[in-house]
Amino acid sequence: MKLQIPSALRPFVDSLRDLAPIVIVIAFFQLVVLQQPIPNLGTLLLGTVMVVLGLTLFVRGLEMGLFPIGGNMAYDFARKGSVFWLLAFAFALGFGTTVAEPALIAVAGEAANVAAAGGMISDSDEARASYATGLRYTVALSVGFAIVLGVFRILKGWPIQYLIIGGYMGVVAMTTIAPEAIIGIAYDSGGVTTSTITVPLVTALGVGLASSIKGRNPMVDGFGLIAFASLTPMIFVMGYGMVIG
């Protein structure tokens with residue numbers, strides 16, 4: 001007989017199920033491979049419970065707030081018929097969500113510390129803050145540009161593969177001329193932009209826009225904006241490294 005889970009507990013159970021593989025992997029390697037007890041077990045269990053609760057609330061918040069507002073605004077802009085304001089909204093959305101990304105803030109701060117330790121910039125709080133801020137805003141500009149490009153692709157119905165191939169050709173070309181010290185940071189910047197804040201809003205924008213335009217398929221045309229948001233930061237950050245280097 002199948003166990004019936006109350007609907008109120010369903011999000012919590014789903015989050016617990018999603019985190020279970022991570023817990024199993026850590027426990028296996030700690031207890032079986034390393035053959036050592038788990039340190040601070042009580043604190044670890046409390047932290048795990050907090051992660052499960054946080055993930056549950058986060059996913060529920062996406063479903064209730066971010067996904068609907070992104071899709072509704074895309075639909076309203078498409079109905080308004082103003083390409084300028086739609087592209088302006090796309091750029092502002094990409095820029096604003098990226099600046100607020102916790103992962104990007106952390107990576108930019110760490111990159112500034114390493115740059116100071118390596119002698120690339122002066123070892124002062126002001127220099128580190130300036131470097132980290134410049135890196136964050138460079139990535140944010142690139143994502144804003146990427147979302148504009150992705151929205152324009154949806155409007156025109158362009159095949160995504162040609163734009164992606166051309167973009168990665170640009171990444172390869174920039175890699176050959178960019179300072180070696182910035183290349184790794186640039187590649188990582190492409191990953192940290194697609195995190196907790198950017199992904200849900202940008203995905204909702206693309207799907208909502210494709211759903212509201214006649215002749216566009218939300219499954220075919222609505223997705224792909226995240227790919228642009230991962231691609232353009234690599235090019236922009238390498239360019240940033242060439243400017244400040």
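The values are calculated or read from the model by the stated rules, or taken from the named source; none is laboratory data. Keep in mind the model is a prediction, meaning the values are calculated, not measured. In this analysis, Cβ positions are derived from the backbone assuming ideal geometry, glycine residues included, and neighbour counts consider all displayed protein chains. Only protein heavy atoms, including side chains, enter the accessible area calculation; ligands, DNA and RNA are left aside. Shrake-Rupley method; radii C 1.70, N 1.55, O 1.52, S 1.80 Å.
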Yeah, segment 13-124 with a ≥ b ≥ c from its alpha-carbon gyration tensor (a/c under 1.5 is rounded, else prolate when a/b outruns b/c, oblate otherwise) is oblate
Row for segment 84-194, column shape: gyration tensor on C-alpha, a ≥ b ≥ c, rounded if a/c < 1.5 i.e. under 1.5, prolate if a/b over b/c, else oblate; value oblate
Counting only other residues whose beta carbon sits under 11 Å from that of L86, what net charge do I get with K and R as +1, D and E as -1? +1
For segment 95-245, the accessible surface attributable to carbon and sulfur atoms (probe 1.4 angstrom, ligands and nucleic acids excluded) amounts in percent to 67
Over the Cα atoms of segment 60-139 the radius of gyration and the largest Cα-Cα distance (Dmax), both in Å, equal 17.9, 53
Per-residue [θ]222 nm for the chain (sum of -39500 (n - 2.57) over DSSP H runs n ≥ 4, rounded to 500): -26000 deg cm²/dmol
Taking 1 over the mean of 1/r across every pair of different Cα atoms in segment 46-90, what Kirkwood radius in Å do you get? 12.5
Along the positive direction of the dipole of segment 84-176 (beta-carbon charges: Lys, Arg +1; Asp, Glu -1; about the Cα centre), which of A112, W158, T175 reaches farthest? W158
Cα-centre dipole for the chain with unit charges at Cβ (Lys and Arg positive, Asp and Glu negative), debye to 20: 980
Measuring with a 1.4 Å probe in the full set of protein chains, what accessible area per residue, in whole Å², belongs to segment 114-193? 51
Tell me, how many Å apart are the Cα centres for segment 176-221 and for segment 64-97? 15
About the Cα centre, charge dipole magnitude for segment 75-194 (Lys/Arg +1, Asp/Glu -1 at Cβ), debye: 720
For all pairs of alpha-carbon atoms in the chain, what percent lies in each bin of width 5 Å, listed from the first bin to the last filled one? 1, 6, 11, 13, 13, 13, 13, 12, 10, 5, 2, 1, 0, 0
Would you tally the net charge around S211, using a Cβ to Cβ cut-off of less than 15 Å, leaving S211 out, and scoring K and R as +1, D and E as -1? +1
Around M73, with a cut-off of 12 angstrom between Cβ atoms, what is the net charge of the other residues, counting Lys and Arg +1 and Asp and Glu -1? +1
Computed label-point distance, nm, for sites T175 and S195 using a 7 Å Cα→Cβ extension: 2.3
Once the convex hull of the alpha carbons of segment 139-244 is built, what does its volume come to per residue, in cubic angstrom? 84
Just want the answer: with Cβ charges of +1 for Lys and Arg and -1 for Asp and Glu, which residue in G47, I26, Y75 is farthest toward the dipole's positive end in segment 1-151? Y75
How much accessible area per residue does segment 51-95 have, in Å², with a 1.4 Å probe? 62
Nearest-20 debye value, segment 121-245 charge dipole, Cβ charges on Lys, Arg, Asp, Glu: 660
Mind checking which of R136, R17, R79 has the largest fluctuation in a GNM of the chain, springs on alpha carbons under 10 Å? R17
Kindly rank 171-180, 199-208, 94-103 from highest to lowest mean number of other beta carbons found within 10 Å of each residue. 199-208, 94-103, 171-180
First compute the accessible area of segment 15-89 with a 1.4 Å probe, then give the percent of it belonging to carbon and sulfur atoms. 74
